[in-house]
Structures are given as structure tokens and as C-alpha cells.
Amino acid sequence: MAKAETIEKIYELIEPLNKKGIDLAPDVTFASDLELDSLTVMDLVAEIEDEFDIVLPLNLLPELETIAHVADAVEKIVDKG
Amino acid sequence: MDLLDKFDAVAELRASLPFEKADPFTVVMDEIISETEAVIGGRRTILAGTNNYMGMTFNEEAITAAKQALDDFGTGTTGSRSLNGTYASHKKLEQTIADFYGMEHCMVFSTGYQANLGMISALGGKDDYVIIDADSHASIYDGCSMSNATIVRFKHNDVENMERRLKRLPEDACKLVVIEGIYSMLGDAAPVKELLEVAKKYGCMTLVDEAHSMGFCGEHGRGVAEAEGVEHLVDFYVGTFSKSVGTVGGFAVSNHPKFDVLRYTSRPYIFTASPPPSVVAGAIKAIEAIKNGGNRRAHLWENAKRLHAGLKEAGFDLCTDKAESPIIAVHLPDAMIGTKFWEQLFLEGVYVNMAAPPATPAGMFLMRVSVCAQHTTEQIDEIIKRFKITAEKVGLELKA
Ligand SMILES: Cc1ncc(COP(=O)(O)O)c(C=O)c1O
């Protein structure tokens, strides 16, 4: 499970895109809860990459359905890096 | 449960588009009058959405050679390039393209789509990185899916954004940067020089897809990399015969000394039949004609500039500030106006491509116009005129 700090940072990046005002939580999904289209997701991925100074490979994206998934993936990459 | 249920949303979206008298997804060309005109649904129509940039589809030498090849070699090779599907003409075509690009090696594929699949899937191994532009053509994305590499995407044509990503990749890993010279939907050119220079700074190999620039960009028509004087930074070119060359097929060229090993390792090269001899013979002649086609090239650019200027002056919202290619894309506000506009323009006797998401970037709705070297100035003016009439009829507001 990712650190609260990582999750908080991701919330911050998502908030401007949270048009429906969903309560952000680790199990919130990008597609069905936040209803982000693929272009918005692409921008978000770029912002997460820049925030954590990592690369989130395209190959990983289909598996990252929830905020927790992303936070875990980010930490894994940061730790490896 | 049905396997096709997952497409219900697509089917719904498709059904919701308000076409009444014509539908861009069911256009049938009944008769091809010339490179620039067809009969569609009984109506004589100006073709302005064909990718036939250099107007090679009716090139006389190409047709004569293709007919001769049909007589001499039959309708098809019925086999892979790796087995019975390589004829002397395939080797000659490869030599013709290698000479055209001034490079050592060439592989001919059955389509340009397969050339990208074949190159990217073979080059991108398990521990490698493939770095692509976000607006890449589907064949590049699919090549990436087929590869075992880690795929990294940068913002369209954004050199700085690419560099930030390259910086984060392991220094000693093998990396391939893939870009296009001209992007097919908006017709915008890539900053090829800067992108390739940065790619090289980070030790990447480079692949440039010149599908929509071959024939008319650069002194010899090799594409945008030639026009920007950075061909020495290109490790692999990918191209197609389905646009300027006027037939079907694809290719990759390179100076890499080990290039030929791809003939044994690139699955989209191996596991499909080679292009038929008539296509190959026609392609050879068309490429020769392109080589000597200075006048055509000049007229093509005149057409592109005239169309761009005319539509801009009329107040249409164009996707590029000037004509960067023979593709002039007109931005429409939404799907409703977009579909109506396409339909009305079609009824006025002009065929353009209607481009909608997901083929377009940023969810844009476009009338994608592409001009041909064989369009007359009168036809270009006619296209502009009918665009204006259409705007009025569908109530599209133009900028003053
Ligand atoms: C950039 C790009 N690459 C490759 C292709 C594929 O070309 P082909 O029609 O030969 O499969 C296209 C054409 O659709 C393209 O736009």
C-alpha cells in the first residue's frame, strides 16, 4: 500500500480534473468514477511523471484502474529508480 | 453475454450522428474519372481527400509497367518474401528506394502499416525503450503493442517534453525514438531537426515515418528530415506506396550494416504474402517519376498554399497557420456541425475526409482536405467556393 504522501500528491494533480466533484479515495477509478477520457488521462500521466520525475510506461496504463494502483506503481518505479 | 457487446457504445455513437442523405463511412466510389474526380452516388465529385499527393495513380509508365508485369508474372506471388514471394522486381524495387533515399538497405513490406509493425516490433526488444509522439499513427502504436519494449510517450511535437522523458531513462539501455515527418490528421510538420538532435544527445536510435511527406518535402522528395538537413540523424526511414507513390505497399530503409537480419526476425515481413508483381512494377515507375517530378511538386505546393489561403481568408478555422503539407485540416466546433458540414459539402460535389476521434488528437472534429499535384487551380478555387456555400447552408459561423 502506497504512502499517504504519495496518494495526497496524486489527489492534488487529479483535483483540477475532477469535474464531477467526486470524493477522492484510493479505490476511486479513473474511467468509471472520474469519467476521465483518454486524452485527459494522458495529460494526467504526464503530470504525474513530471511530479515524481519518473516514466510511467504506456504498457502499464491498462492495469492502473484506481488511484491506489497508480500510487503503488509510482512508488515502485521511484524505489527502483 | 456476446463478444460484440463491448462495442455497443461505439455503435450507439455511430448511430447518433445525424446523417440524412450521405454518410462518410459508407462512401462508394462508383467510377474514378481521374486522379482528382470520381462519380459517387451518381454525382460527379471533386476528390479532395485521397492522399494521392503526387497524382501517381494514373501515371502512364506505371500503368504500362503494371500491365506488362501482370502478363509476365501473373496476378500475385502467393507467398512470403521469405519463401517463394521474392521476385527480381521486389529486389529492383528495394534498390530503387534505397537509391531514392541514398541509403544502403531497403526492405519492402506489403503495406506501410506492416512496415511500422515490422520495424518497431522487431527493434523493440524486452529490455529496450521505444519513445513515441502522442499523436502517432495507429501503425506506430500497434507496432509498440506488438513489441516487448517499454513504451514512453511524449507530448505531440514537444521537444522539451521528450527530452525530460529521455533524461529519466537508463543511460545504457537501447532506445528508439519514433516520429513522423508530417502528421496525417492536422497536416502539421514535426520539428524533426530538434527532435532528432535531442534523441541523438541521449544515445537513441531514430525512426522517421515519412508517409505523408515523401515525394514533395526536401530537395529529392525524401521527406521532412531531408528538408531540415538532418538525414544523417535518421537511422531508419519508414514509408508507404499508398500515398505519393499511388499504389499499395510499404518500406523501410537504413544504412545499418546489420539491417538485413530483420528479414529473418520481423514477423509482419515474414508472415504475409509479398506485394503482387504488378504493384511492384508500378511502384518502381512511380518512384522514378517522383524523382523527376519537380514541376508536379511545385504545383502541389501551389495548390496547398492556394487552398490554405482561400479557406483562411473565408474565415475557416484552420489547424495550421500556413500550409505545412498538402493536408489542410479545417476545424469544426462539434460533431453535429461536423457531420452536417461533411454531408452538405459532399452534396455540393466535394469529397473530403471526415476525421473524428479517436483518429484525431484532442477530440477534434475535422474536415481533412488533401490536395493533389493534378488538381487544377480552377478545381482548388471550386473547392474553396463550395466550402463557403456549405458553411452558409449549414449555418457555420466564419471568422470575419
Ligand atoms: C503516418 C503513417 N504511417 C503509416 C501509414 C500506413 O500506410 P499504408 O496505407 O501503406 O498501410 C499511414 C497511412 O495511413 C500513415 O499515415
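The values are calculated or read from the model by the stated rules, or taken from the named source; none is laboratory data. Everything numeric here is computed off the predicted structure, so don't read it as measured data. Quick reminder, even Gly has a Cβ in these numbers, built from the backbone with ideal geometry, and neighbours come from all protein chains shown.
General observations
Table: residues versus (1) in the same structural domain as B:SER254 (by TED's automatic domain parsing); (2) in a loop (DSSP other than H, G, I, E, B); (3) buried (at least 19 other Cβ atoms within 10 Å of the Cβ); (4) in contact with a strand residue (DSSP E or B) (Cβ under 9 Å, 6 or more places away or on another chain).
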site: B:GLU35; (1), (2), (3), (4): no, yes, yes, yes
site: B:THR45; (1), (2), (3), (4): no, no, yes, yes
site: B:THR77; (1), (2), (3), (4): yes, yes, yes, yes
site: B:MET107; (1), (2), (3), (4): yes, no, yes, yes
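- Flag for B:ASP235 being within 14 Å of the chain's Cα centre (by Cα) and either at pLDDT 95 or above or crowded, with 24+ Cβ neighbours inside 10 Å (or both): no
- Checking each residue in segment B:349-374 for being part of a loop (DSSP other than H, G, I, E, B), under 19 Å from the mean Cα position of the chain (by Cα) and away from chain A (no Cβ under 14 Å) picks out B:VAL352, B:VAL371, B:CYS372, B:ALA373, B:GLN374.
- Filter result for the condition that a residue is free of Cβ contacts under 8 Å to residues at least 12 places away in the same chain and either within 14 Å of the ligand (Cβ to nearest atom) or basic (Lys, Arg) (or both), over B:LYS243, B:LYS291, B:LYS285, B:LYS258: B:LYS258
- Complete set of residues in segment B:111-142 that are within 12 Å of chain A (Cβ to nearest Cβ) and either assigned to a helix (DSSP H, G or I) or over 19 Å from A:LEU39 (Cα atoms) (or both): B:GLY124, B:LYS126, B:ASP128, B:TYR129, B:VAL130, B:ILE140, B:TYR141
- Condition check for B:LYS340: farther than 30 Å from B:GLN95 by Cα and touching a strand residue (DSSP E or B) at 6+ places or on another chain (Cβ under 6 Å): no
- Flag if B:GLU348 is assigned by TED's automatic domain parsing to the domain that holds B:PRO24, within 22 Å of B:ASP30 (Cα to Cα) and surrounded by fewer than 21 Cβ atoms within 10 Å (Cβ to Cβ): yes
- Residue in segment B:208-219 that is farthest from the ligand (Cβ to nearest atom), counting only those that are touching a helix residue (DSSP H, G or I) at 6+ places or on another chain (Cβ under 6 Å) and among the aliphatic types (A, V, I, L, M): B:VAL208
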